[in-house]
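The values are calculated or read from the model by the stated rules, or taken from the named source; none is laboratory data. In this text, all values refer to a predicted model and were calculated from it rather than measured experimentally. Here Cβ is always computed from backbone atoms with ideal geometry, including for glycine, and neighbour counts include all displayed protein chains. Calculation scope for accessible area: heavy atoms of the full protein, side chains included, ligands and nucleic acids excluded. Shrake-Rupley method; radii C 1.70, N 1.55, O 1.52, S 1.80 Å.
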Amino acid sequence: MVKWTSAVGAAQLARQLGSQQDRPAGPGTRRPPAYRALADGIRLLVLEGRVPVAARLPAERELALALSVSRTTVAAAYEALRNEGFLESRRGAGSWTAVPAGNPLPARGLEPLPPEALGSLIDLGTAALPAPEPWLTRAVRGALEELPPYAHTHGDYPAGLPALRAMLAERYTARGIPTMPEQIMVTTGAMGAIDAICHLFAGRGERIAVESPSYANILQLMRAAGARLVPVAMAEGLTGWDLERWRQVLREAAPRLAYVVADFHNPTGALADEDQRRRLVELARSAGTVVVVDETMSELVLDEGTALPRPVCGFDPAGSTVITVGSASKAFWAGMRIGWVRAAPDVIRSLIAARAYADLGTPVLEQLAVNWLLSTGGWEQAVAQRCVQARENRDALVAAVRRELPDWEFEVPHGGLTLWVRTGGLSGSRLAEAGERAGVRVPSGPRFGVDGAFEGYVRLPFTVGGAVAQEAASRLAAAAHLVRTGAPGTTEPPRTFVA
Ligand SMILES: Cc1ncc(COP(=O)(O)O)c(C=O)c1O
């Protein structure tokens, strides 16, 4: 069986290798032989997720031509990559990228630690903020007042409370996307929504195209559902999607689903522009792929003057290509566990029918609380408060990391909750391990990749600010020192941090 799920052309690979050479080499670095430099370049592209795992590489002769090197150099580089487990080949089928078997890199999701388990650890593992009070308390009080008529029913609403479905539909309509309540299903968080969508559309062995990197827990959910993930590298910088790569993957892998975060992508913070949205929907429509658009981060606009482009579903008026997922978790509070799906009425009916065998419905009181917020204007005020807090945290964290770790590189996003950081050549997995000893919990890059990509990254969330952000950065610097020196367990246990 051929094991590749996408292909990288010779010209494209040559371009990507060329852009790597712009990076400064360390002081005193000696030039390796040409074949070794080529093998290292390809290995780095795989580890950074810029060339996906299971991508077919060009034939030796084509790559040699594109790079103006001898075919022997390419053959030797491919041979070295094969020996190191980064390439697999089969006669007649070509060569495709791989990550060595038994690679210790984590491929799991992110488990939130219960607050009481944290002790003195600073938790940068979860990208979710505390509730924006007093709005949570007000919303729950409002919900209690609305509760009596529902208390006389059995309380199971597999589609969601009619009042909340109507309210969410109205909000899409107000954003210029005409929507009926029959197009909405309330779910238990965005995770519940995407779980239901995966079960309906992408059974065992189906392909799902995902941005690379992407949100760790959704990747894990899809793996657990038995889907085969096909990574599509994000464009460089925070400029959204690389449509050429999407075109190629949709054409060659013909995935059943594509999962994307167009607004303030987790983990990179990228924002896809309007043209990218239009073109992705066109490409998906012609490939017969359903695009699941996760709008969990959409309302977290942190900088004035950042305008959100039209929602992706706005480019799919027939409603056959795009399914939208929303959530109260980032804009308001993850503890609500309220999410929703917007899709064509027949898709919603199928999702509702399938739900009877999962969780039957979402808690009524929380739905009433979100409905109270949306109908009183409390939502907008709470979101505004949340954005101020996230912006202050982002600015404090960015300044502290620049101070403590000047060789770490990142782009500062205009929204969302996450900073995607290249760790100056250090292993993100080792940093995560050392971080636990230095008193900071930080997720390593490979959790956000498919098959071990992004080893040289960590994700930092905008969940701590002020002095705690400074302390978190100092602890990260201590962890980086441990990794660099290979010193096992030499830091003092972290002192309790109160702020
Ligand atoms: C992009 C994205 N989707 C979904 C989720 C999970 O959302 P929920 O808490 O609504 O299940 C998160 C949480 O970090 C996220 O960042």
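So if I take the alpha carbon set of the chain, get Rg, then get Rh from the Kirkwood formula, what is the Rg over Rh ratio?
0.98
Work out, step by step, the length gained on full extension between GLU244 and ASP346: first 0.36 nm times the residue separation, then minus their alpha carbon distance; give nm to one decimal.
Net length gain for the segment: 33.5 nm.
Would you kindly state how much longer the chain becomes between ALA318 and ALA151 on full extension, computed as 0.36 nm times their sequence separation minus their alpha carbon distance, in nm to one decimal?
Length gained between ALA318 and ALA151: 56.3 nm.
Note down, for segment 6-97, the three equivalent ellipsoid semi-axes (square root of 5 times each alpha carbon gyration tensor eigenvalue), biggest first, whole angstrom. Walk me through the intermediate numbers first.
On the way: eigenvalues 83, 40, 35 Å².
Value: 20, 14, 13 Å, ordered largest first.
Given R₀ = 56 Å, what would the calculated FRET efficiency be for LEU365 paired with ALA399, taking r from the Cβ atoms and rounding to 0.05?
That pair, LEU365 with ALA399, gives E of 0.90.
Out of the DSSP beta bridges found with both residues in the chain, what percent are antiparallel (nearest 5)?
Values: 23 of 44 bridges.
Bridges in the chain that DSSP calls antiparallel: roughly 50 percent.
Between segment 195-211 and segment 367-388, what's the alpha-carbon centroid distance in Å?
32 Å
Which angle between 0 and 90 degrees, to the nearest 10, do you get for helix 189-201 versus the longest principal axis of the chain when only C-alpha atoms count?
70 degrees
If HIS154, HIS265 are ordered by their accessible area, calculated over protein heavy atoms with a 1.4 Å probe, which sequence runs from highest to lowest?
Ranking HIS154, HIS265 by accessible area, largest first, yields HIS154, HIS265.
Tell me, what % of the accessible area of the chain is carbon and sulfur with a 1.4 angstrom probe?
Carbon and sulfur together cover 54 percent of it.
With a 10 Å radius around each residue's Cβ, average the other Cβ atoms per peptide and rank 184-196, 202-214, 141-153, highest first. Walk me through the numbers on the way to the answer.
Numbers: 184-196: 24.4, 202-214: 20.9, 141-153: 12.2.
In descending order of packing, they fall as 184-196, 202-214, 141-153.
Angle check, please: helix 243-253 long axis (alpha carbons) against the longest principal axis of the chain (alpha carbons), in degrees 0 to 90, nearest 10.
So the helix axis and the longest Cα principal axis differ by about 90 degrees.
Going by alpha carbons, how many degrees (0 to 90, nearest 10) lie between the helix axis of 364-376 and the longest principal axis of the chain?
90 degrees
Per residue of segment 377-394, in order, report the coupling 6.51 cos²θ - 1.76 cosθ + 1.60 (Karplus, θ = phi - 60°) as ³J(HN,Hα) in whole Hz, putting x for Gly and Pro.
x, x, 4, 4, 5, 5, 5, 4, 4, 4, 5, 4, 5, 5, 5, 4, 4, 4
Taking the Cα centre of segment 6-97 as the origin, how large is its charge dipole in debye, to the nearest 20, when only Lys and Arg (+1) and Asp and Glu (-1) carry charge on their Cβ atoms?
100 debye
Where both partners of a DSSP beta bridge lie in segment 135-376, what percent of those bridges are antiparallel, to the nearest 5?
35 percent
Can you give the direction-averaged projected area of the convex hull of the alpha-carbon atoms in segment 283-397, in nm²?
9.5 nm²
Find the accessible area per residue for the chain; the probe is 1.4 Å, ligands and nucleic acids are left out, and the unit is Å².
Normalised by residue count, the accessible surface of the chain is 42 Å².
Along the charge dipole of segment 286-351, pointing to its positive end and built from +1/-1 on Cβ of Lys, Arg, Asp and Glu, which listed residue (PHE315, SER286, ILE348) has its Cα farthest out?
ILE348
With every protein chain kept in the model, how would you rank THR485, THR296 by accessible area, 1.4 Å probe, largest at the top?
Greatest to least solvent exposure: THR485, THR296.
What size of dipole, in debye to the nearest 20, comes out for the chain about its Cα centre when the only charges are +1 on Lys and Arg C-beta atoms and -1 on Asp and Glu C-beta atoms?
Roughly 1420 debye, rounded to the nearest 20.
Under a 5 Å amide H to amide H cut-off, with H placed in plane at 1.01 Å, what residues pair with GLY424 once short-range neighbours are removed?
Hits under the 5 Å cutoff: GLU409.
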